[in-house]
Amino acid sequence: GIRDQPRSRGLGDVYKRQVYHWASHALLDGVQFDVLSVTNGESLGELLVTAESDSDGQYSLVSKAIGDAVIAATRNLDSQDTSRVVTSADALAALKIAVGINPNLDKAYPTSPYQYIAADINKDGRVTSADALSALKIAVGLSESIPQEWLFVPEIEDFWDETRGEYTLSRSFVEWYSEGLAFTSPGLSEANFVAILLGDVNGSWEPPSGASVLNIEYFRALQEAGIASIEQWGVFPSL
């Protein structure tokens, strides 16, 4: 589940407020962050404050606690997001996940939680052959295909089960905080987000030329802080 985010762990700028793509590690502009009040314990209510990420993927929100609320992120699709990003390779990757095969055998890292989320195209909480078919429909441009969209996961969301020694997400269990990050203390106003393009199971989306990209040291620092293994971001452990 979501852990309280420390204000400092000696990680330099690791906890700056920013958003980036899970696989390319490119910082994303044009992501809108809305802080929404929570009513009746679960419903999203009044818009309290909003911000948008700049060309370096940075955004800034109020730093004071404002009661029960969530930070929700959205980003409009552009031509680069929808032009041959989801291909038959993603459909095959989704099918491999559906039958219990690691789609990353050639890259030597396990299926990332972000891949499970990207592969659950129909959002029914599991990855099946129906999702693989949905990816194929997107790839060939069928009008009845499920629309692509950007999904955003709090970087501090913990997908690792230390007791079992495996990710909490699997082909039969794809559950995450899709409504956003709980905003109940000043520290959580500094949350980073990880972006996933629905259907892009192999993470092949590429940023525009000249986009800023996080380096390997960033993810090593996250691993050292105990947030997650660098494999979660598609990084080779040996790098």
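The values are calculated or read from the model by the stated rules, or taken from the named source; none is laboratory data. Remember, predicted model here, so these are calculated numbers, not experimental data. All Cβ positions, glycine included, derive from the backbone under ideal geometry; neighbour counts span all protein chains shown. All accessible areas refer to the heavy atoms of the entire protein, side chains included, with ligands and DNA or RNA removed. Shrake-Rupley method; radii C 1.70, N 1.55, O 1.52, S 1.80 Å.
Condition check ((1) out of contact with any Pro (no Cβ under 6 Å at 6 or more places or on another chain); (2) free of Cβ contacts under 8 Å to residues at least 40 places away in the same chain; (3) among the charged types (D, E, K, R)) across all residues:
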position	(1), (2), (3)
ASP131	yes, yes, yes
SER145	yes, yes, no
GLU155	yes, no, yes
TRP176	yes, no, no
Test: residue in the range 144-162 that is open to solvent by 20 Å² or more (accessible area, probe 1.4 Å), closer than 25 Å to GLU179 by Cβ and not in a loop (DSSP other than H, G, I, E, B): yes
From LEU222, LEU136, residue being of a type in the set (A, V, I, L, M), farther than 23 Å from ASP124 by Cα, outside any loop (DSSP other than H, G, I, E, B) and out of contact with any Gly (no Cβ under 7 Å at 6 or more places or on another chain): LEU222
Of all residues in the range 163-173 being modelled with pLDDT of 95 or more and buried (at least 19 other Cβ atoms within 10 Å of the Cβ), the one that is farthest from LEU92 (Cα to Cα): LEU169
Matching option when the condition is farther than 29 Å from LEU36 by Cα, open to solvent by less than 10 Å² (accessible area, probe 1.4 Å) and without any contact (Cβ under 8 Å) to a residue 60 or more places away in the chain, among VAL140, VAL127: VAL127
